[in-house]
Amino acid sequence: MTEKQILISAGEASSDMYAARLVTALRERAGKGVRFFGMGGPGMVEVGVDLIADYHEVAVLGIAEVLHKIPSVIGVQNRLKREAQRRNAALAILVDSPGTHLGVARRMKQIGVPVGYFIGPQIWAWRAGRVRVVKRRVNRMVVIFPFEEKIYRDAGVPVTFVGHPLVEVVRPSMTRAEFAARHNLDANKPIVTILPGSRANEIRQNYGRIVGACERLKRDNGSMQFVLAVAPNLLPDFFSGCRSPVLEMKEVTGATYTALAAADCAIVASGTATIEAALLGTPMVVIYRVTPVSAFILGRMIRTPFFSMVNLVAGRRVVRELIQDDFTPEAVEGEVRRLLDSSSARDQMKASLAEVRAKLGPGGAIERAADIFAQML
């Protein structure tokens with residue numbers, strides 16, 4: 001039997017994780033007669049994908065920052081096309097990263113390779129016209145948020161909502177008491193966990209204001225404890241140059257879910273981390289800041305009432321969002337203090353986060369996506 005070659009492409013770290021799980025699930029469905037190649041990172045390498053491009057070649061954050069990456073992105077798109085043509089690919093599976101992958105989808109259409117897209121462009125947030133591009137280039141869209149399905153279906157795109165792939169993944173590895181003991185914290189005193197982002201440029205925009213808020217909180221309540229959940233892709237000494245002289249921050253790497261679950265409150269950069277906090281039921285304040293140029297452009301493009309995925313899934317304001325000029329140390333301090341001082345405020349937010357979790361599906365999203373892509377073969 002001739003092997004079937006499948007192009008699978010992920011443009012950043014979280015997509016690499018999802019794509020690796022997809023490959024494992026697809027092998028179970030399609031048998032040994034499939035081979036995977038494409039773009040990704042260490043997760044995909046671990047499951048045997050033949051990488052012809054590394055996602056770091058295209059990964060970028062912000063509108064203004066993307067310009068210098070354009071030649072690299074086009075180079076990767078053309079490389080994937082040539083390889084798909086050489087291997088006579090039976091299917092292309094693209095994961096997130098529309099800035100790169102819609103161009104890949106166009107090239108796949110040119111050479112007659114059907115395209116399945118997992119975690120599609122956020123057309124509901126900005127650049128709504130891209131749904132027409134998706135309709136022309138993508139054979140099947142597989143989405144992870146419930147409100148996306150109707151948007152794509154109304155536009156005539158074949159689509160299925162499978163649930164969020166983090167639902168069965170986000171679990172703490174130990175109890176609050178165990179976590180506190182391991183990191184020399186007092187489980188009986190307030191714990192605030194901080195997730196300032198996973199990319200160096202977004203952390204530089206966010207972290208100084210977070211530290212300012214934590215210093216204010218510590219001055220008012222000396223028993224307050226702070227945990228910094230460090231993204232595993234960052235260098236070990238990344239935060240060494242921006243430590244506060246008056247604030248002890250416990251840095252924890254590789255235990256983000258446990259650090260969130262152990263927290264009384266979290267300060268979370270807008271993005272996937274807000275979903276992780278919601279799945280763990282952790283009260284939070286959402287923060288974010290981009291460069292002034294990116295803010296100027298995005299302010300004229302974004303058309304949603306909320307920035308955080310938690311509020312978008314809920315369809316209402318569940319968590320407070322402090323974005324751009326609203327993101328000040330004083331505002332963060334005030335919202336954290338409100339949540340820590342009021343058990344009813346925390347309970348109300350936890351109840352709303354439980355509703356969000358229920359809307360994200362029952363688990364098994366990767367397996368359901370794999371079923372769809374296996375049928376496309």
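Going by the conditions given, is GLU148 outside any strand (DSSP E or B) and either surrounded by 16 or more Cβ atoms within 10 Å (Cβ to Cβ) or touching a His at 6+ places or on another chain (Cβ under 6 Å) (or both)? For GLU148, the condition - outside any strand (DSSP E or B) and either surrounded by 16 or more Cβ atoms within 10 Å (Cβ to Cβ) or touching a His at 6+ places or on another chain (Cβ under 6 Å) (or both) - is met. One residue stands out among those in the stretch 206-253 that are touching an Asp or Glu at 6+ places or on another chain (Cβ under 8 Å) and of a type in the set (S, T, N, Q): the one that is farthest from GLU335 (Cα to Cα), which is SER244. Take GLY241 and decide whether it is outside any strand (DSSP E or B) and exposed (fewer than 15 other Cβ atoms within 10 Å of the Cβ). When the stated conditions are applied, GLY241 passes them. Is the stretch 134-145 home to any residue that is modelled with pLDDT under 95, aliphatic (A, V, I, L, M), crowded, with 17+ Cβ neighbours inside 10 Å and over 25 Å from ASN201 (Cβ atoms)? Yes, that holds for at least one residue. Just one residue in the set GLY212, GLY197 is assigned to a helix (DSSP H, G or I) and in contact with a helix residue (DSSP H, G or I) (Cβ under 7 Å, 6 or more places away or on another chain); that residue is GLY212.
Give me the residue from the stretch 172-194 that is of a type in the set (Lys, Arg) and either outside the structural domain of VAL268 (by TED's automatic domain parsing) or in a helix (DSSP H, G or I) (or both) and, out of that set, nearest to VAL286 (Cα to Cα). Restricting to residues being of a type in the set (Lys, Arg) and either outside the structural domain of VAL268 (by TED's automatic domain parsing) or in a helix (DSSP H, G or I) (or both), the top hit is ARG176.
Pull up the stretch 187-209, narrow it to residues that are aliphatic (A, V, I, L, M) and over 23 Å from the mean Cα position of the chain (by Cα), then point me to the one that is nearest to VAL336 (Cα to Cα). Residue satisfying both the conditions and the ranking: ILE191. Scanning the stretch 210-232 for residues that are within 22 Å of the chain's Cα centre (by Cα) and surrounded by 15 or more Cβ atoms within 10 Å (Cβ to Cβ) yields ILE210, VAL227, LEU228, ALA229, VAL230, ALA231.
Here the helices (runs of 4 or more DSSP H) wholly within the stretch 255-310 that include at least 2 residues being modelled with pLDDT of 95 or more and either under 14 Å from the mean Cα position of the chain (by Cα) or among the hydroxyl-bearing types (Ser, Thr, Tyr) (or both) are 256-261, 272-280.
ASP341 falls short of the stated requirement of being surrounded by fewer than 18 Cβ atoms within 10 Å (Cβ to Cβ), farther than 27 Å from PRO196 by Cα and modelled with pLDDT of 95 or more.
Which one is farthest from the chain's Cα centre (by Cα), of the residues in the stretch 244-254 that are free of Cβ contacts under 8 Å to residues at least 40 places away in the same chain and in a strand (DSSP E or B)? First the steps, then the outcome.
Within the stretch 244-254, the first condition is being free of Cβ contacts under 8 Å to residues at least 40 places away in the same chain, and the residues that meet it are 244-248, 251, 253-254.
Then keep just the ones that are in a strand (DSSP E or B); that gives 251, 253.
Values: GLU251: 21, THR253: 17 Å.
Within the stretch 244-254, the match that is farthest from the chain's Cα centre (by Cα) is GLU251.
The values are calculated or read from the model by the stated rules, or taken from the named source; none is laboratory data. For clarity, every value in this text was computed on a predicted model and none was experimentally measured. A quick note on method: Cβ atoms are made from the backbone with ideal geometry, for glycine too, and the neighbour counts reach across all protein chains shown.
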